[in-house]
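One structure below.
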Amino acid sequence: MAGFRSLARRVRDPRLVAAERRTSLRRCLEHFAPYGHRATWHHLCVRHGMSPHDRHPRPDQLLAAIEELEEARRVWQVYEARFADRRKREKRDGVRKPTPMDDWHRRTWGGFGVAWCEDPARHPDDRLADVLRRLTTALDSGPGDGCPVCASPRVVWHDDLGHEPASGPVCATCGILVPPPALSQRALARALTGGGEPDGVPGQRAGERRAGASGRGGRAGDAGRALVDSAGRTHHAEQALRNQHA
Ligand SMILES: [Zn+2]
């Protein structure tokens with residue numbers, strides 16, 4: 001399989017027809033696609049004025065798209081190199097126990113689906129490199145209370161994602177699947193009970209509506225109460241909270 005860099009050269013090659021250059025751009029997404037293949041393609045098309053189904057985009061559109069993708073890839077590679085160095089140091093110092101962050105990195109290494117967007121047409125609007133800078137800053141800083149990309153507190157747990165794993169916290173504002181290690185225990189518990197405002201807004205949580213619980217809540221104790229109606233959800237909820245303290 002051709003590598004990212006040789007495919008990027010083909011996107012820039014003026015000797016190739018537009019359809020071949022476009023195909024090479026799409027194949028770059030097999031190597032690096034922060035939102036997943038379809039959503040990243042949709043993002044590049046929207047940002048650079050291409051129709052997702054137009055087989056003959058203009059060369060300037062293709063060039064702008066590959067530049068955006070390469071810039072984002074450099075941001076991600078710098079972050080991954082930093083993460084790998086840190087793990088190497090920890091191993092040398094005897095800290096060998098794998099963490100939830102290690103597990104997440106193992107599944108997303110190289111930058112595929114690091115901010116997975118389930119709906120290809122729903123993703124952050126900003127330049128990819130800016131989104132990844134915010135994400136990597138958040139991952140470096142430890143668990144937070146909201147979406148690491150748009151800072152929204154509206155993060156809701158989903159169980160039916162076309163993604164491995166199929167469960168996880170999704171930002172209801174920008175659409176990304178938030179890396180679970182980037183969320184605090186409190187934010188995860190809130191997501192598991194259906195999201196909502198940080199201090200609790202009565203009657204607005206999906207989990208409460210499903211479980212018929214009363215309006216108070218948004219804390220870990222409520223998560224347990226609200227989740228008894230679904231065995232799968234309970235399983236994933238417990239695992240997520242357990243991982244948070246692993
Ligand atoms: Zn968001």
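Values quoted throughout were computed directly from the atomic coordinates according to the rules given, and no laboratory measurement underlies them. None of these values were measured; they are calculated from a predicted model. Please note: Cβ atoms are built from the backbone with ideal geometry, for glycine as well, and neighbour counts cover all protein chains shown.
The slack between Ser184 and Glu20, meaning 0.36 nm per residue of separation minus the straight C-alpha distance, is 54.5 nm.
Phi-derived couplings, Karplus 6.51 cos²θ - 1.76 cosθ + 1.60 at θ = phi - 60°, listed residue by residue for the range 63-80: 5, 5, 5, 5, 5, 4, 5, 5, 4, 5, 5, 5, 4, 5, 5, 4, 5, 5 Hz, with x used for Gly and Pro.
Estimated from the Cβ-Cβ distance and a Förster radius of 25 angstrom, the FRET efficiency linking Ala121 and Val78 is about 0.25. Residue exposure proxy: Trp104, Trp109, Trp157, ordered by other Cβ atoms within 10 angstrom of their Cβ from fewest to most, comes out as Trp109, Trp104, Trp157. First measure r as the distance between the Cβ atoms of Met1 and Arg55, then evaluate 1/(1 + (r/R0)^6) with R0 = 22 Å and state the FRET efficiency to the nearest 0.05. Efficiency computed from Cβ-Cβ geometry: 0.50. Using the Stokes-Einstein relation with a Kirkwood hydrodynamic radius computed over Cα pairs, the translational diffusion coefficient of the range 1-72 at 20 °C and a viscosity of 1.002 mPa s comes to 182 µm²/s.
Each principal axis of the range 49-157 carries a Cα extent, and these read 55, 31, 19 Å when sorted largest first. In this structure, the amide hydrogen of Val170, modeled 1.01 Å from its nitrogen in the peptide plane, lies closer than 5 angstrom to those of Val156, Trp157, His158, Val178, counting only residues at least 5 positions away or on a different chain.
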